[in-house]
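Note sheet for the following structure.
The values are calculated or read from the model by the stated rules, or taken from the named source; none is laboratory data. Fair warning: this is a prediction, and the values are worked out from it, not measured in the lab. Glycine also receives a Cβ, built like all others from the backbone with ideal geometry; neighbour counts cover every protein chain displayed.
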Amino acid sequence: MNVARPMTTPLKLAALFVLLTGAVLGAIGWLGWQLLAQERVLEERRLHDRLDMAANAVAGDLDRDLAAWEAQLSAFAGGKPPTLPAGVAAVAFDAHGVVRRAGVSLPFYPRVPPVSESASDRFAEGERLEFERQDLASAERLYRRMAETPDPGVQAAALIRVARTLRRRGRIRDAIAVYDRLAAIGATVWVAGAPAELIARHERVVLRRQLGETEEADREADQLAAVLSSGRLIIDRDTYEFYGASAPRRAPPDAAYTLATALDTLWPTIERQRNGRTAIAVAGSSLTALWHTSPAGSAALIGPVSSVIPALKSASGQEFRLDLEAEDGRMVWGVRDEGPSVFKTARETGLPWALRLTGIESGAAHDLIRSRRLLQTIGFVLMALVVMTAGMAIFRALMRELAVARVQSEFVATVSHEFRTPLTAMRHLAEMLDAGEAPHDRLPQYYSALVKETCRLQSLVERLLDFGRLEAGRPPYRFEPVDPVELVRQVLGELGHSPSARRLRLEANTNSDETTLVFGDRQAISLAIRNLVDNALKYSPDSAAVRVVVDTGDKEASIAVIDLGPGIQAGERRTIVRRFVRGSAAADLRVKGTGIGLAIVDRVVHAHGGRLRVESEPGRGSTFRITLPVMKRRRGVEARRAASAVDTSEPDPAGRVRL
Ligand code: ADP
């Protein structure tokens, strides 16, 4: 009989499986990747939105601070001095120049209104003597008299003229003394277009140099420089530079000088625009200037960014860092950090600088994102594992079904062959007998062969029917108390007529004189024992004995069928119990069979709550052991009477029964 090829080859199926699983895994991986990428984009957008909101809030704060200064500048223009932080200078001014100042005193101002001096016509008489008559002595006397007047303006104008006449007369030292007096009048009184003190100190330096008193001249020059940078004088830049030229050893430019220079630079803009806010850098200092014009007048303020807006120092939060940039890209405040940021131009915010907020990835936020990504990744990996496991399970089930289909088809082929052999023999014998061709003396032989083949066919059919019934779960087992020793004896007794029966040995080992009973279906258990004994006879040499040993214990009764056959390979011990599976012994010894005998045994034993165990030493024999749970014990005599129909033997002293 031809054996049908089972469906498509397993290799193709495996390839298909790998392809499908790969496609599913690929799709899951791609989806996971897309999800992670989307998550990243969303996270960036969220961060950007947060930064944008923070930037607007910061810009609002800075604008409020500047507006507060503008309000103070209005008040200052009206006469109320502002409360300025250290390092900030403010000036109130009108069309002629600076009229009031506050905060840091600057060494010079962009524009200074002219200070009224004593009318020069008061000295007309003296100057006529001095210049027309060249009567320097008389002129000096006249000037000195006028220097005694209480008006400091007149005093200063007189003293400067006294010094002049003395210088013209070559009395330099006397002139220096007069300049001493002039210097003492101070800086508030102006004479000859500059503060009296400034002129006096300057002239003293000049005269000392003229006298060759270098040391004295330098000392005087240092004092002049100190006065110039003290901020006591309200002078313009030209005056400052002119008189400063006499004091070459001036101290390096300080913060006040920087502020003055910046204010001077901005002045044209300040004069042009009524209001303004701007950033300016001078000598490496980033300064901010504000100016404001109100009905009360105009005022300006200038100072380092961090002094004008002290809140800047605390503006950077835990989530972001702030930096300010001037229009030309110069950093005004903060340092530029790497990372996601938002940028607001000066035009957008109305501030003097552009503003940038850079997000700081805080440890906690970073950890949160990381753990979320980790969870997602684990989720995808788990999903992939589930898909792979499910795929493997489906694949294995498929392969198992294929194997079953293959085994079944082999079974059909084997069974057909099993049927055909006795049928062919029977047909041949029947035809011979029918034709009357058989020699008379051989007739008994032919009849016996016919009987043998018929029995073989019947046993085959019965086995198949048994298997079919068991497979279908019919008929239901009829459980009753059964004495296993008696049952085994009965089965062996039924085999008694067969030629191989003389090879059988029964041993029963009981540990008490009470009969052990199991609760089971007599027919089914008999069938199981018969199958095991059949196999033992089939697979062991004709000369070898087969022992059937019954052991009864307190909890279990075991029936072991022991033969001295080829044994069973370790790898086969589990598989031969499956239906339609035949082992190597069957092939090696060319023993006919169907592969369902042990499957029947296994099912029956399991249905009784027992176990079938296979022990074997390949080459030295096998032991198939059925273990059944014990039901209860009955008193020996009564039990033996109930159990033993074929038992004609007596137990030996050790409780062993031999048949
Ligand atoms: P069958 O005997 O018809 O092949 P079974 O289910 O009874 O089917 O046995 C399955 C296989 O187990 C046999 O083909 C044989 O290889 C192995 N087997 C069973 N009993 C024995 C035994 N006593 N000794 C060696 N091999 C055995």
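Can you name the residue in the stretch 431-462 that is touching a helix residue (DSSP H, G or I) at 6+ places or on another chain (Cβ under 7 Å) and not hydrophobic (A, V, I, L, M, F, W, C) and is also surrounded by the most Cβ atoms within 10 Å (Cβ to Cβ) among such residues? Ranking the qualifying residues of the stretch 431-462, first place goes to Glu453. Considering the stretch 73-91, and only residues there that are in contact with a strand residue (DSSP E or B) (Cβ under 8 Å, 6 or more places away or on another chain) and assigned to a helix (DSSP H, G or I), the residue that is surrounded by the fewest Cβ atoms within 10 Å (Cβ to Cβ) turns out to be Ser74.
Flag set for Val18, criterion: surrounded by fewer than 14 Cβ atoms within 10 Å (Cβ to Cβ) and either part of a helix (DSSP H, G or I) or in contact with a helix residue (DSSP H, G or I) (Cβ under 9 Å, 6 or more places away or on another chain) (or both).
Where helices (runs of 4 or more DSSP H) sit wholly within the stretch 506-615, those with at least 3 residues that are under 20 Å from Val488 (Cβ atoms) and within 11 Å of the ligand (Cβ to nearest atom) occupy 522-539, 597-607.
Rundown of residues vs (1) out of contact with any helix residue (DSSP H, G or I) (no Cβ under 7 Å at 6 or more places or on another chain); (2) of a type in the set (Val, Ile, Thr), yes/no style:
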| residue | (1), (2) |
| --- | --- |
| Ala260 | yes, no |
| Gly276 | no, no |
| Leu290 | no, no |
| Thr293 | yes, yes |
| Ala300 | no, no |
| Ser314 | yes, no |
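Considering the conditions (1) within 30 Å of Leu266 (Cα to Cα); (2) at pLDDT 95 or above, His96 is excluded by exactly one of them, (2). Take Ser229 and decide whether it is in a helix (DSSP H, G or I) and crowded, with 17+ Cβ neighbours inside 10 Å. Answer is yes for this residue.
Thr454 satisfies every condition listed in (1) over 28 Å from Arg620 (Cβ atoms); (2) touching a Pro at 6+ places or on another chain (Cβ under 8 Å); (3) within 16 Å of the ligand (Cβ to nearest atom) except (3).
Any chance the stretch 487-510 includes a residue that's touching a residue at least 40 places away in the same chain (Cβ under 8 Å), under 30 Å from Ala430 (Cα atoms) and surrounded by fewer than 17 Cβ atoms within 10 Å (Cβ to Cβ)? There is at least one residue in the stretch 487-510 that is touching a residue at least 40 places away in the same chain (Cβ under 8 Å), under 30 Å from Ala430 (Cα atoms) and surrounded by fewer than 17 Cβ atoms within 10 Å (Cβ to Cβ).
Consider His96 against the criteria (1) over 15 Å from Trp291 (Cβ atoms); (2) crowded, with 17+ Cβ neighbours inside 10 Å; (3) not aromatic (Phe, Trp, Tyr): it satisfies all of them except one. Which criterion is unmet? Looking at each condition in turn, His96 falls short on (2).
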